[in-house]
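Heads up, the thing below is written out as structure tokens.
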Amino acid sequence: MGKIIAGVAVFAVFVIVCWFGWAFNSVAIAHWALGTIFIPTQAGPWGDSFGAFNALFGALGFTAVVGTFLLQGRALRVQQRDQHRQRFEDNFFQLLAVIRENREDVRFGYSKDYLAKHKVTSHRRRGHFAFQAAHREMLYWVREEKLAGKVLDHEALAALYAKKVHFRFESTLGAYFRLVYETLDRVNRDKFLSDDEKVEFGNLVRGQMTSFEATIAGCNALNDFAKDFKRLVIQFRLLKYAKAGDVYHELTKHYPPQTFQGRETSRPPVPEVDDDLDEDED
């Protein structure tokens, strides 16, 4: 807005300067242009030169009209952007509420192999504890693979998660992560949001996740069925608060370092102590 006003002001000053230049040098200009003897009466009455007043006020009026249109256009764009942001925020927070509700519907149960080697009071979990259980199941199989001397490359880790965790409870895990994907994808694709605003909305989604949930999201995004969820995980740095441990260590091999960092620092992530929450029965 300030640039537009400054531009209009500069143009107005330019018009006025041109008029004064004509007013005080009209006779000389006529002499130069016509090549006649420098006699005012031969160049026309002095008063005729002030006919430029009409041109001056006409130019200033035109400038004012152009400036008004520019300012109105600028104000309209700002208004449209504000209205769009308000609508986007309303839809975003509705999606965020749906994510929280959908999380409570997530179910997970330990596999027979896991139950055979661990003493648990109940093998079924829901909500936050479902992600905790899914993380423990994934942790168990990662350790089993490593004990067997297997290397968990990108495809192997993705397949391990898909087989041992995801497909066993796809109806709830799949629906939940598709909802997270859609929310982040809307933020990323919005043409009106600035980069800082996109980071802000992404942080709100990330802040809803527990460390177990973030780790499972990282495993989920490695698979083809997750579409380009991995790109969003990296862009919004969803693994910043991922649960430290063997699964976390494997994920660091398949994601760039910034995925585990906040926007405010470039230091490498500091793993937490690998201790799980107390389990609740379903």
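The values are calculated or read from the model by the stated rules, or taken from the named source; none is laboratory data. All figures in this text were calculated on a predicted structure; none of them were measured in a lab. FYI the Cβ positions are ideal-geometry reconstructions off the backbone, even for glycines, and counts take in every protein chain you see.
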Problem set entry | Test: A116 is in contact with a strand residue (DSSP E or B) (Cβ under 6 Å, 6 or more places away or on another chain) and either over 19 Å from T210 (Cα atoms) or assigned by TED's automatic domain parsing to the domain that holds C219 (or both) | no
Exercise. When segment 237-259 is examined, which residues are found to be modelled with pLDDT of 95 or more and of a type in the set (F, W, Y)?
Worked result: Y248, Y255
For this session: Output the number of residues of segment 154-173 satisfying the condition of being surrounded by 15 or more Cβ atoms within 10 Å (Cβ to Cβ) and either without any contact (Cβ under 8 Å) to a residue 40 or more places away in the chain or touching a helix residue (DSSP H, G or I) at 6+ places or on another chain (Cβ under 7 Å) (or both).
Result: 7
Problem set entry | Check on Q83, polar (S, T, N, Q), part of a helix (DSSP H, G or I) and modelled with pLDDT under 90 | yes
Exercise. Quick one: how many residues across segment 228-258 are among the acidic types (D, E) and touching a residue at least 60 places away in the same chain (Cβ under 8 Å)?
Worked result: 2
Exercise. Which residue, of R125, R136, is of a type in the set (K, R), under 30 Å from V187 (Cβ atoms) and crowded, with 17+ Cβ neighbours inside 10 Å?
Worked result: R125
Exercise. Can you tell which of R81, R87, R103 is basic (K, R), within 24 Å of the chain's Cα centre (by Cα) and closer than 16 Å to L204 by Cβ?
Worked result: R103
For this session: Confirm whether L232 is at pLDDT 95 or above, surrounded by 14 or more Cβ atoms within 10 Å (Cβ to Cβ) and either in contact with a His (Cβ under 8 Å, 6 or more places away or on another chain) or in a loop (DSSP other than H, G, I, E, B) (or both).
Result: no
Problem set entry | segment 219-228, subset in contact with a Phe, Trp or Tyr (Cβ under 8 Å, 6 or more places away or on another chain) and over 20 Å from H249 (Cα atoms), residue surrounded by the most Cβ atoms within 10 Å (Cβ to Cβ) | A226
Problem set entry | Checklist (1) without any contact (Cβ under 8 Å) to a residue 40 or more places away in the chain; (2) crowded, with 16+ Cβ neighbours inside 10 Å; (3) among the β-branched types (V, I, T) applied to V151, failing item | (2)
Problem set entry | Filtered residues of segment 222-234 (kept if aliphatic (A, V, I, L, M) and more than 19 Å from G262 (Cβ to Cβ)) | L222, A226
Exercise. Using beta carbons and a limit of 6 Å, which pairs, at least six apart or on different chains, have the first residue in segment 198-213 and in the same structural domain as R136 (by TED's automatic domain parsing) and aromatic (F, W, Y) and the second one crowded, with 17+ Cβ neighbours inside 10 Å and in a loop (DSSP other than H, G, I, E, B)?
Worked result: F212/K243
